[in-house]
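Okay, structure first, notes after.
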Amino acid sequence: MLEGTVVGAFRTAIVVHVTCWLILLLGVCASFAVEATEKGKPAAPPNAKAVAGNYYRGDGTGYNIYLTLKADGKYTAEWHGCLGKYGEASGLWTLKDKKIAFKPSNEQGMIKGHLKTLDILQFRGKWIFVPSDDRDFYDKYGVSRYSCFQIEE
């Protein structure tokens, strides 16, 4: 009789233990799923000074775009990768409602034609920019270093 009680208690402990692990695992997976699809909200900055700053978008290897927006309407951009600098651009940028438009005066290398217009969004109190013509990754996965320009801190 004692043997049956021990076996029953052991089975119950295993079921409780497995159930707790499943709940924990599902919770962790759900939190990653929610975090991976967080998105900004379209917003119109009050003026160019509000979004002026240094921004980054990239994968940390071959695609790393460093973008500087100056309050006076000028910009510079550089594309860096594992083999060095792949290109650079400079010119003027304008703010219109929820978009930034670029008018390059100089584009060299792989960045040529890369910066056209950016959709402006707010995410966690900060400005982020999504390329208007390259939204697929952002739309599917949300905010990430790769999907949108984010302020460098």
- Message: under 17 Å from residue 37 (Cα atoms), surrounded by 15 or more Cβ atoms within 10 Å (Cβ to Cβ) and not charged (D, E, K, R): which single residue out of 146, 86, 138 fits that description?
- Response: 138
- Given (1) over 19 Å from residue 38 (Cα atoms); (2) in a strand (DSSP E or B); (3) basic (Lys, Arg), index of the condition residue 57 fails: (1)
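Quick grid of which residues meet (1) aromatic (Phe, Trp, Tyr); (2) surrounded by fewer than 14 Cβ atoms within 10 Å (Cβ to Cβ); (3) within 20 Å of residue 138 (Cβ to Cβ); (4) not assigned by TED's automatic domain parsing to the domain that holds residue 127:
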{"site": "49", "(1), (2), (3), (4)": "no, yes, no, no"}
{"site": "60", "(1), (2), (3), (4)": "no, yes, yes, no"}
{"site": "65", "(1), (2), (3), (4)": "no, no, yes, no"}
{"site": "77", "(1), (2), (3), (4)": "no, no, yes, no"}
{"site": "81", "(1), (2), (3), (4)": "no, no, no, no"}
{"site": "91", "(1), (2), (3), (4)": "no, no, no, no"}
{"site": "103", "(1), (2), (3), (4)": "no, yes, no, no"}
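The values are calculated or read from the model by the stated rules, or taken from the named source; none is laboratory data. For clarity, every value in this text was computed on a predicted model and none was experimentally measured. Heads up, the Cβs are rebuilt from the backbone with ideal geometry, glycines too, and the neighbour counts pull from every protein chain shown.
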